[in-house]
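> Got a structure for you, written out below as C-alpha cells; questions coming shortly.
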Amino acid sequence: MKILSLTVTGFLLVAGGCASPMDWSGAGDESLPNREPTRASLEPATDPGSQQRSDIPIDLASLGSLSLDDAIRIGIASSPVLKRAGYQVDIAAGQVIQAGLYPNPSLSFNGEGFGTSAGAGGETIYRVEQEIVLGGKIERARKVARADQRVARAAFVSEEFAVASRVSRAYYAAVAARERLQNRQNLLDLATQLLEAASTQVDAGSATEPDRLRAQVVFEQAAIELDNARLAEGASKRTLSRAMGLDQTVDLELSTEVDQRPELGDLETTAAKVLDANSRLEVARLSVERARRAHDLAKARAIPNLTASIGPRYSDIDNETTVDLGIGMQIPLFDRNQGNIRSAIAQRLSASAELKSVQLELLEEVSQAWAVYEATRVATQRYRERLLPKAELTLELTRQAYERGKTDYLRLLDAQQVVIESRIAYVDALERMQEAAALLRELAQTDAPWRSSHPGQAPATEGTP
C-alpha cells in the first residue's frame, strides 16, 4: 500500500510539473469561430456564430422585384465559395484548440521471467510516462494557430467583398442587356416605320424600288439584332443567378437602373481607403505577423523536451516491490532545428516582400479602375446631356423630311445609324462605369450593406438602430 501511494504521489508530481506550461486562457472563446470574420479597420457584423449565412431564408417570389442590394445579400447568403471560406475559419479555430493541448501520458506494462523451470519467478513492471514540454512551445504554437485563424478571417472578408463585386457586375450586365434589348426593340419599330414610309413613297411614285429593298434589308438586320439581344439578355440573367449562388434563373424585374451614378470619392481618398481597409492587404500584414511567430516557434523547438516516468516493480523471486523513477531528454547534438529556423527567417523576409507587393498591386488596380470609371462617367454624362438628345432630334427631323419628300433615303439611314450607335455606346459606357465602380468598392471595402439587413429590407443607414 505504501508503494502504491508513493507511485500515485510521484505521478501527481509529474503531472503537476507538466501542468505549468499549459495555458487555457481564452480557449473557450476561440472554440466557436466567427463566420463573419472582421478586422479592426472594418466594422464587424452582428454575432455571426448565432446567425449562419446559410440560414437566411431566400424567397425570390416574395420580393416582387430584385434590387442590387437584395441580389448581393442573396449572393452572400448562398455563395458556396463564401461558405467554403467560412469553413476555413472553422478549420483554423480547431487548429487553435489542438495547438494548445498537452501531450497525453502513456501507461506501459512489462512482465519478465514468467514460467521458468525453477518455479515461480519473474518481474512485473508498471510504468507511467509523461513528456514535459519545455521552451514555451505550446504557447508559441497556439500563437501561430491564432495567426492562421486571423488570416482565415481576413480571407473570408476578402471573399465576401469579391462575391458582392461579382454579383454587382453581373447585375449591371443584366440590366444593360435589358436596356440593349429595349433599344433593339425600339430600333425594330423604327425600321418598321421606315419600311412603311418607303413602301408608301414607292407606291406614290416618289421613290424607287431599290429604296424599298434597302428598307427591307434594314428591317431584317434590326430583327436579327433583336433576336441576338434577346438571347444575350437571357444569358445575362443566368449569369446573374450563378453569381448569386442560385440554381434557378432569376426571373424578377431588376429595379436598380444602370444609369445610377455611383457615389465615390476622389482617387486619393479611394486609394487611402484601400490601403487602410482592404482585406488582401490585411492578409499580407497578418502573414508577416504569422511568420514572426512561426520563427519564434522554430527557435523554441530547438529546446528538447523532458520525458519523466514512474512506476512500481514487483519481483516474485525476491518477493519485493520497488519503485522505478526515470527522466530523460534528447541531446541536441546534430538536430537543433537549424533548418526550420533558417526557413522561418526566409519566410519572414518573403512575407514582408509580399506585403509590399500587395500594396503596389492594389494601388495599380485602383489606378486602372479609377481611370476607367472617370472616363466612362464623363462619357455617359456627355451622351445623356448632349449627344443622345441631338441624335434623336436629328433622326426625327430627318424622318419627317423624308415622309414629305424633302430628303433622300440615304440621309435617313445615316440618321438612324447615328441613333443606333449612340444608344448602344451609351449603354456600353454605363455598364463599364458600373463594373469599374464595383471593382473600386471591392478594393476599398468600406461599405457592406448586406451585413445590416436581409433580402427585401432596406439597408440600415447611419443612425438607424
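The values are calculated or read from the model by the stated rules, or taken from the named source; none is laboratory data. A quick note: this is a predicted structure, and the numbers were derived from the prediction, not measured. Positions of Cβ are backbone-derived with ideal geometry, glycine not excepted, and every protein chain shown enters the neighbour counts.
> So in region 149-191, with the set limited to residues that are polar (S, T, N, Q) and closer than 21 Å to Ala223 by Cα, which one is farthest from the chain's Cα centre (by Cα)? Step through it out loud before you land on a result.
Let us first name the residues in region 149-191 that are polar (S, T, N, Q), namely 149, 158, 165, 168, 182-183, 185-186.
Those left that are additionally closer than 21 Å to Ala223 by Cα: 182-183, 185-186.
Details: Gln182: 34, Asn183: 36, Gln185: 39, Asn186: 40 Å.
Of everything passing the filter in region 149-191, Asn186 is farthest from the chain's Cα centre (by Cα).
> May I pose another question? Just to be sure, is Ile76 in contact with a Cys (Cβ under 8 Å, 6 or more places away or on another chain), of a type outside the set (Asp, Glu) and in contact (Cβ under 8 Å) with a residue 12 or more places away in the chain?
The answer is no for Ile76.
> Turning to a different aspect of this structure: Can you tell me which condition Gln260 does not meet? The list is (1) touching a helix residue (DSSP H, G or I) at 6+ places or on another chain (Cβ under 7 Å); (2) polar (S, T, N, Q); (3) loosely packed, with under 15 Cβ neighbours inside 10 Å, and all the others hold.
(1)
> Would you pick out the residues in region 314-348 that are on the phi > 0 side of the Ramachandran plot and either exposed (fewer than 14 other Cβ atoms within 10 Å of the Cβ) or in contact with a Phe, Trp or Tyr (Cβ under 9 Å, 6 or more places away or on another chain) (or both)?
Result: Asn319, single match.
> How many of the residues making up region 269-286 are farther than 14 Å from Val157 by Cβ and touching a residue at least 12 places away in the same chain (Cβ under 8 Å)? Full working, then the answer.
Keep residues of region 269-286 that are farther than 14 Å from Val157 by Cβ, which gives 269-273, 275.
After this cut, where a residue has to be touching a residue at least 12 places away in the same chain (Cβ under 8 Å) as well, the list is 270-271, 273, 275.
So the count comes out to 4.
> Any idea which residue in region 266-311 is farthest from Ala162 (Cα to Cα), counting only those that are more than 38 Å from the chain's Cα centre (by Cα) and buried (at least 18 other Cβ atoms within 10 Å of the Cβ)?
Gly311
> Are there any pairs, at least 6 apart or on different chains, whose C-beta atoms fall under 6 Å, with the first in region 227-238 and more than 11 Å from Glu179 (Cβ to Cβ) and the second outside any helix (DSSP H, G or I), and if so, which?
Taking only residues 6 or more apart or on different chains, the pairs are Lys237/Thr249; Lys237/Val250; Arg238/Thr249.
> While we're looking at this one, here's another question. Scan region 251-294 residue by residue and report those that are of a type in the set (S, T, N, Q) and not in a helix (DSSP H, G or I).
Hits for region 251-294 are Ser255, Thr256, Gln260, Asn278.
> Separate question: Just wondering, is there one or more residues in region 230-247 that are of a type outside the set (A, V, I, L, M), under 30 Å from Arg84 (Cβ atoms) and not in a helix (DSSP H, G or I)?
There is at least one residue in region 230-247 that is of a type outside the set (A, V, I, L, M), under 30 Å from Arg84 (Cβ atoms) and not in a helix (DSSP H, G or I).
> Same structure, new question: Would it be correct to say that Glu220 is more than 30 Å from Met329 (Cα to Cα), in contact (Cβ under 8 Å) with a residue 12 or more places away in the chain, in a helix (DSSP H, G or I) and of a type in the set (D, E, K, R)?
Here the answer is no, as Glu220 does not meet what is asked.
> I've got another one for you. Checking the conditions here, which among Glu392, Glu431, Glu361, Glu374 is at pLDDT 90 or above and buried (at least 18 other Cβ atoms within 10 Å of the Cβ)?
Every option except Glu431 fails the conditions.
> Moving on. Can Leu325 be described as outside any helix (DSSP H, G or I) and in contact with a Gly (Cβ under 9 Å, 6 or more places away or on another chain)? Outline the logic, then answer.
Working: outside any helix (DSSP H, G or I): yes; in contact with a Gly (Cβ under 9 Å, 6 or more places away or on another chain): yes.
Here the answer is yes, as Leu325 does meet what is asked.
> Still on this structure: Under the condition of being of a type in the set (Val, Ile, Thr) and under 58 Å from the mean Cα position of the chain (by Cα), which residue from region 192-225 is surrounded by the most Cβ atoms within 10 Å (Cβ to Cβ)? Give the derivation first.
Start the filter on region 192-225 by keeping residues that are of a type in the set (Val, Ile, Thr), which leaves 192, 200, 202, 208, 217-218, 224.
Cutting the leftovers down to under 58 Å from the mean Cα position of the chain (by Cα) gives us 192, 217-218, 224.
Numbers: Thr192: 15, Val217: 12, Val218: 23, Ile224: 12.
Going through the qualifying residues, I end up with Val218.
Per-residue answers, yes or no, for (1) within 30 Å of Leu281 (Cβ to Cβ); (2) in a loop (DSSP other than H, G, I, E, B); (3) in contact with a strand residue (DSSP E or B) (Cβ under 8 Å, 6 or more places away or on another chain):
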{"residue": "Leu387", "(1), (2), (3)": "no, no, no"}
{"residue": "Leu393", "(1), (2), (3)": "no, no, no"}
{"residue": "Ala401", "(1), (2), (3)": "no, no, no"}
{"residue": "Lys406", "(1), (2), (3)": "no, yes, no"}
{"residue": "Gln416", "(1), (2), (3)": "no, no, no"}
{"residue": "Val419", "(1), (2), (3)": "no, no, no"}
{"residue": "Ala425", "(1), (2), (3)": "no, no, no"}
{"residue": "Leu430", "(1), (2), (3)": "no, no, no"}
{"residue": "Leu440", "(1), (2), (3)": "yes, no, no"}
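> A further question on this structure: Here are Ala277, Ala243, Ala298, Ala272: which of them is touching a helix residue (DSSP H, G or I) at 6+ places or on another chain (Cβ under 8 Å) and more than 30 Å from Ile74 (Cβ to Cβ)?
Being touching a helix residue (DSSP H, G or I) at 6+ places or on another chain (Cβ under 8 Å) and more than 30 Å from Ile74 (Cβ to Cβ) holds for just one of Ala277, Ala243, Ala298, Ala272, which is Ala298.
> Which condition number in (1) under 30 Å from Leu349 (Cα atoms); (2) acidic (Asp, Glu); (3) in contact (Cβ under 8 Å) with a residue 60 or more places away in the chain; (4) surrounded by fewer than 18 Cβ atoms within 10 Å (Cβ to Cβ) is the one that Glu253 fails?
Here Glu253 clears every test but (1).
> Sticking with this one: Which of the residues spanning region 358-373 are farther than 23 Å from Val144 by Cα and within 21 Å of the chain's Cα centre (by Cα)?
Those that are farther than 23 Å from Val144 by Cα and within 21 Å of the chain's Cα centre (by Cα): Gln359, Leu360, Glu361, Leu362, Leu363, Glu364, Glu365, Val366, Ala369.
> Does at least one position in region 239-258 carry a residue that is modelled with pLDDT of 90 or more and of a type in the set (D, E, K, R)?
The answer is yes; a qualifying residue exists.
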